[in-house]
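Q: Structure provided below as structure tokens; questions to follow.
Readers should treat all values here as calculations from the given coordinates under stated rules, not as data from a laboratory. Fair warning: this is a prediction, and the values are worked out from it, not measured in the lab. Here Cβ is always computed from backbone atoms with ideal geometry, including for glycine, and neighbour counts include all displayed protein chains.
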Amino acid sequence: MGKSDILATIKRELNGVSSNVKLPKSVSFKINNDVLYIKLKSEGVLDNMQSNSSAFEGWAICIMSYIDCIKSVVLDWESPIYNEKDKNIKEKHYNRFLLRVLWCIENYKWFSADKSKENELNNFKNGHKSLVMNYPKSKSKDKDHCDEGDKIRKREAVLETKVYKRLNESGDGYANHQLPVGLFDSIVQDVSAFTPSKASQIDIWQICDNNTFRVFELKIPENSTVGIISELMFYANVMHGLFINHEIDYPDDIKENCPKFRGFTKILDVKDKIGKIEAIFLSDKLHVLIESNLDKILNILNCNTNNIIYGSMKVSEILGE
């Protein structure tokens, strides 16, 4: 089954819900003998992980949820080529991409990388065993209003502030926002940056009963993408690496001289107590491929070996609107 047949099958399953659904042009899809083959171009490998060209986890899970015959997924990609001038930025994006691939392989038995990439993945995995994460270095600016014409991110920032404050009022636990999740080799310095770090942050997070750490990925309806799946999976696995299997840590000097911004001290207080990671889609309207098949998509996501629990909430329900 080729790409056009895959799309036609999905549209039949949607049964007229939306005629505008498309598969990304830059990604190849085919189904052969119950296997979904996905291949990304090098541009997608280096793109923002929530973009259509890069969000292989989102596309794989959405397509699986609509086509029951798929038993496994094999990912391949064009290895990126970059010169010394581009290396500083593009290598970080490629590192993050390879981490996503490895975590998807570890989490889901149905997922694998093409055999041609096995050596590269093994070398990558064995070469980075001392990852540390950055941390809030300043107070975040709560945003309680935005002017008409503001960009999507600014409107989402307003909701971030409202939601984390309302979560704190609910009494279900401590919440905050804008938690940095940039990864570094051994020490948090620009020269040792392993993944993009400056704009890489969890929208909203919450600690419940000193045992559960929740990650929320917030989107306004105008920003509904399949890539929300890829983004949420990445953040959930970073937190699993930090709290559960300890593949990721904070630098030792930060533990001794703890910065008191954005609730960071709360995280250090429970770092050795967290036993569960929950990951939540937070939007009043998800992408049609997700929203029309949400229960099945959550079921696929929740059959993971790390026992990360995925769920979905509406912003309006939290805010009581």
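Q: For a Förster distance of 45 Å, can you work out the FRET efficiency between the beta-carbons of Val288 and Val191, rounded to the nearest 0.05?
A: E(calc), rounded to 0.05, equals 0.55.
Q: I would also like to ask the following. Taking region 1-96, which trypsin sites (Lys or Arg not before Pro) meet the DSSP loop condition and have no more than 12 other C-beta atoms within 10 Å?
A: Hits after loop and neighbour filter: Lys22, Lys25, Lys71.
Q: Continuing with this model, one more query. Over 10 Å intervals from 0, what percent of Cα-Cα pairs in region 3-127 sits in each interval?
A: 12, 43, 32, 11, 2
Q: Take the alpha-carbon positions of region 131-319, form their convex hull, and give its projected area averaged over all directions (one quarter of the hull surface) in nm².
A: Result: a mean projected hull area of 11.0 nm².
Q: Compute the distance in nm between two label points, each set 7 Å from the Cα along the Cα-to-Cβ direction, one at Leu121 and one at Leu268.
A: 3.7
Q: Turning to a different aspect of this structure: Can you pull out the GluC sites (Glu not before Pro) in region 146-215 whose DSSP state is coil and whose Cβ has at most 13 other Cβ atoms within 10 Å?
A: Taking region 146-215 and a limit of 13 other Cβ atoms within 10 Å, the loop GluC sites (Glu not before Pro) found are Glu148.
Q: Another question about this same structure. Using 0.36 nm per residue of separation minus the Cα-Cα distance, give me the extension gain between Asn306 and Arg12 in nm, one decimal.
A: 102.5 nm
Q: Between Ile220 and Glu247, 0.36 nm times their residue separation minus their Cα-Cα distance comes to what?
A: Numbers: separation 27, 0.36 × 27 = 9.72 nm, distance 3.25 nm.
So the chain would gain 6.5 nm between Ile220 and Glu247.
Q: While we're on this one: Set the Förster distance to 35 Å, then compute FRET efficiency between Lys314 and Asp34 from the Cβ-Cβ distance, nearest 0.05.
A: Taking R0 as 35 Å, the efficiency between Lys314 and Asp34 is 0.50.
Q: Are any of the pairs Lys165/Lys276; Lys271/Lys296; Lys11/Lys71; Lys87/Lys219; Lys92/Lys125 more than 26 Å apart by Cα-Cα distance, and if so, which?
A: From Lys165/Lys276; Lys271/Lys296; Lys11/Lys71; Lys87/Lys219; Lys92/Lys125, over 26 Å: Lys271/Lys296; Lys87/Lys219.
Q: Further, regarding this structure: Across the chain, how large is the tail of the calculated P(r) beyond 30 Å, expressed as a percent of all Cα pairs?
A: Counting pairs separated by more than 30 Å, the tail of P(r) holds 34 percent.
Q: Considering only DSSP beta bridges with both partners in the chain, what is the antiparallel share in %, to the nearest 5?
A: 50
Q: To continue, here is another question. Along the Cα-to-C-beta direction of Ile89, a point sits 7 Å from the Cα; which residues of region 36-67 have their amide N less than 16 Å from that point?
A: 43-49
Q: As I understand it, the dipole of region 3-127 uses +1 on the Cβ of Lys and Arg and -1 on the Cβ of Asp and Glu, about the Cα centre. Which of Val73, Thr9, Asn20 lies farthest toward its positive end?
A: Asn20
Q: Ok, one more. Output the antiparallel fraction of DSSP beta bridges having both residues in region 3-127, as a percent to the nearest 5.
A: Of the beta bridges lying entirely in region 3-127, close to 40 percent run antiparallel.
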